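Okay, so here's the structure we're looking at.
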Amino acid sequence: MDDPRRLINPHLTPTLVDAQATHYPNMIQIYIPKHPILRNPTGVKKTKHQSLEEEAGIYAKEKNQERSIRRAKKKIGDYILCNSFDLFATFTIRDDRQNSDHSKQKVLNWLKNQRNRKGKFQYVIVPEFHKDLRSLHFHALLGNYTGTIEKAINPKTGHQLKQHGRNVSQIGGYTLGFTNVMHVNDKPIDRSKLSAYLKKYITKDMPSFHGRQRYWASKGLILPELEDNPDEWYKHATPDWIQENDNGTIMRFDLNKNALVDIISRFKD
């Protein structure tokens, strides 16, 4: 009798996946589930298919909202770790700012207008409520934005505003409200900090829109590549970070610190 596992797809042989590597520009993450996952192969060694954690069903017991928040955080983290951003900006809306849909559309229209006039640039945007829990403002990471960046001047002192010891600027010509812009570094450690900072706004109390959309990202952003059953080089290298939970083990290897991992990852094929 045929193995029932083959009935998943009669044209493909199911594969047991006992480890998955996620390849970021400066880091490799290895996920090892406690129990191998059975699925059909894609025919490509590196793919952008569903992550092993999701396919393992670790979100199955979560409520829909919790699952949505977890996935949004992961996607934002992947975008930030895989793409270059040089500006962190906060956008406010002056008029009708308590209408979430109108505020969102105003910002999206401004972004579209800027891309048409200034050329394409990358962005990831997360909305947040003000303390009144009704008015919106938006936090964004921008990359390759060529619009005018001006000094933000304190009207009382006449000097440039500072926040957390950094000079604050603003986007020239933004008329919807106010902007607060800071230049950020693009080093791996800075990307990780930015990822953590932006993800903290993804909460159950944040605004959500049609289709439960919690953030917006420009087209063409890079996502990490996933590799099923990678060579077991990770068993012979020391991870820079490791975590174990009820579902398995996660290990991270910093390519800038670990020369062995860097060499193996480049010549693994």
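Coordinate-derived values only; no laboratory data. Note that the structure is predicted; figures quoted are calculated from it, not measured. Here Cβ is always computed from backbone atoms with ideal geometry, including for glycine, and neighbour counts include all displayed protein chains.
Can you sort TRP110, TRP241 so the residue with the fewest Cβ neighbours within 10 Å comes first?
TRP241, TRP110
Using a 10 Å cut-off around each Cβ, can you sort LEU108, LEU198 from fewest to most neighbouring Cβ atoms?
By the 10 Å Cβ count, ascending: LEU108, LEU198.
Please list the non-local residues whose amide H lies under 5 Å from the amide H of ILE149, H modeled 1.01 Å from N, same-chain partners needing a gap of 5 or more.
GLY172
Would you work out the charge dipole size for the range 83-217 about its Cα centre, treating the Cβ of every Lys and Arg as +1 and the Cβ of every Asp and Glu as -1, and quote it to the nearest 20 debye?
140 debye
Which pairs, out of LYS162/LYS199; LYS75/LYS151; LYS74/LYS257; LYS219/LYS257, put more than 28 Å between their alpha-carbon atoms?
From LYS162/LYS199; LYS75/LYS151; LYS74/LYS257; LYS219/LYS257, over 28 Å: LYS75/LYS151; LYS219/LYS257.
If one puts a single equal scatterer on every Cα of the range 83-217 and applies the Debye formula without solvent, what log₁₀ I(q)/I(0) results at q = 0.09, 0.15 Å⁻¹?
Debye output, listed in q order: -0.26, -0.77.
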